[in-house]
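Taking it in order: structure first as structure tokens, then the write-up.
The values are calculated or read from the model by the stated rules, or taken from the named source; none is laboratory data. Treat the numbers as computed from the prediction; the structure is a model and nothing was measured. Every residue, glycine as well, gets a Cβ built from its backbone with ideal geometry; the counts of neighbours run over all protein chains shown. Just so you know, the surface numbers come from the protein's heavy atoms only, side chains and all, with ligands and any DNA or RNA stripped out. Shrake-Rupley method; radii C 1.70, N 1.55, O 1.52, S 1.80 Å.
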Amino acid sequence: VCSLGIASMPWKWADTSAMITWLLGYSVILAPVLGIMLVDYFIVNGRSIDVDELYVATPKSRYFYWNGFHVSAILCTLLATLVNVPGLLHALGVLNEIPTILLKSFEFSWFTGVGFGALLYWFTGVVF
């Protein structure tokens, strides 16, 4: 509990802009994961999960992928995250100027992250 309290930096929450930047920065990473999970469940797997296969740790398992890693999901997460990273770096003061479209993308990072993550994962699911 102590580490969670320190990680959330409650002393920074009094500054509203710091809170918004922290929440948007958090969504830069989590939003693509949600998009990928939604597409995987509703489109790729057709709303079905083989629960018994989730607990089989052998290469013959349906969910084993490549040594236990779903490479296309990881790559899609990284690529969808990259869309909003320039806006995050600008909000943190690392980058001085970025194109307006990247700044707006960061302001709506939850929606752009879910959208890009879902589209990329859907595309890799169809192509591969």
Subject >> Residue among Glu107, Glu53 that is charged (D, E, K, R) and open to solvent by 60 Å² or more (accessible area, probe 1.4 Å) >> reply: Glu107
Original post:
Of the residues that make up region 26-44, is at least one assigned to a loop (DSSP other than H, G, I, E, B) and open to solvent by 50 Å² or more (accessible area, probe 1.4 Å)?
Top reply: no
Original post:
Is one or more of the residues making up region 60-67 part of a helix (DSSP H, G or I) and open to solvent by less than 40 Å² (accessible area, probe 1.4 Å)?
Top reply: no
Subject >> Those residues of region 92-104 which are surrounded by 10 or more Cβ atoms within 10 Å (Cβ to Cβ) and among the charged types (D, E, K, R), in sequence order >> reply: Lys104
Subject >> Options Leu89, Leu75, Leu79; residue that is touching a helix residue (DSSP H, G or I) at 6+ places or on another chain (Cβ under 7 Å), modelled with pLDDT of 90 or more, open to solvent by 50 Å² or more (accessible area, probe 1.4 Å) and of a type in the set (A, V, I, L, M, F, W, C) >> reply: Leu79
Subject >> Test: Ser48 is outside any helix (DSSP H, G or I) and among the small types (Gly, Ala, Ser) >> reply: yes
**OP:** Test Gly125 against the criterion of being at pLDDT below 90 and among the small types (Gly, Ala, Ser), and give yes or no.
**Re:** yes
**OP:** Taking only region 35-61 into account, find how many residues are in contact (Cβ under 8 Å) with a residue 12 or more places away in the chain and within 18 Å of Tyr121 (Cα to Cα).
**Re:** 7
Original post:
Which of the residues spanning region 90-109 are part of a helix (DSSP H, G or I), closer than 26 Å to Met37 by Cβ and without any contact (Cβ under 8 Å) to a residue 40 or more places away in the chain?
Top reply: Leu102, Lys104, Ser105
